[in-house]
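Just below is one structure, and these are the notes that go with it.
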Amino acid sequence: MRRAKLKQARGAEPDAEHPSVAGADFLLSIVETHKTRRNGNVIGMESGLKAQQELDKIEEQISRLESLDGQSSETHRQIQQLHERLKDLRREVSSHLNAWERTNLARHPQRPYTLDYVERIFTDWSEIHGDRGFRDDPAIVCGMARFHGDEVVVVGQQKARDAKQRVYRNFGMPHPEGYRKAMRVMKIAEKFRRPIFTFVDTDGAYPGLHEHFGCKMNSVGINIYPDGEWV
């Protein structure tokens, strides 16, 4: 029904300008029919996750359409309408999840992390390492990139998906040097007047001790030597 009304309002078929537009329109129609709440059926968490994955694939297809050259104004208008429908569908799917389902969705092992966003949103990514005082902290990733051609700075916590990477990233829990690295990069952004994108995804700062060069460091950056002396 909704698709028919859109076609009637446009006065032409959505594939009049580009066949791929019709393909994306068809996929969105399938999700609208089967994954939204119709006739009293409520979306469950598993169904909602599948719908989100399908919408992600459709969004990638629409993004590829936008990057094509030589498109008419009518095609651009149709692509914009697809974006609006996609946004409405995401809102429709997420609105039916209860509080616990939302929590499980936020903790889903396949959810995107900072570097996943960097790969999909930014170009010319160049990571910056170290705090220039102690060491690098893999739990926080910082770097320079371009966003729609504009030079920006990205700072975010990074978790991992396998056991080896989780240990390397310390499960996304930063040490003091990680925060110092973030401050260093933010000062670079301030100096060169670049916008900062931040991705907050952490259980909090690392609360324990770790050894380095015969001493230990606690979560606030105070070195504790074996004899108990604090420096």
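The values are calculated or read from the model by the stated rules, or taken from the named source; none is laboratory data. Since the model is a prediction, treat every value here as computed from it, not as a measurement. Here the Cβ is made from the backbone with ideal geometry for all residues, glycine too, and neighbour counts use every protein chain on show. Each accessible area value is taken on the protein alone, full model and side chains, heavy atoms only, with ligands, DNA and RNA left out. Shrake-Rupley method; radii C 1.70, N 1.55, O 1.52, S 1.80 Å.
Here the calculated FRET efficiency for PHE192 and ALA22, from their Cβ-Cβ distance with R0 = 35 Å, stands at 0.20, rounded to the nearest 0.05.
Taking the Cβ-Cβ separation of MET183 and ASP162 as r and a Förster radius of 30 Å, what is the calculated FRET efficiency to the nearest 0.05?
Numbers: r = 30 Å, r/R0 = 0.99.
About 0.50, to the nearest 0.05.
Accessible area ranking (1.4 Å probe, heavy atoms, ligands and nucleic acids excluded), largest first, for GLU119, GLU84: GLU119, GLU84.
In nm, what is the difference between 0.36 nm times the number of residues separating LEU68 and VAL200 and their Cα-Cα distance? Write down the numbers at each step before the final one.
Working: separation 132, 0.36 × 132 = 47.52 nm, distance 3.30 nm.
Full-extension gain reported as 44.2 nm.
Using heavy atoms of the protein chains and a probe of 1.4 Å, the accessible area assigned to LYS57 is about 140 Å².
How much length is gained if the chain between GLN61 and GLU151 is pulled fully straight, taking 0.36 nm per residue apart and subtracting their Cα-Cα distance, in nm to one decimal?
Details: separation 90, 0.36 × 90 = 32.40 nm, distance 2.56 nm.
Difference between extended and current length: 29.8 nm.
For the peptides 189-196, 133-140, the ranking by mean Cβ contacts within 10 Å, running from highest to lowest, is 133-140, 189-196.
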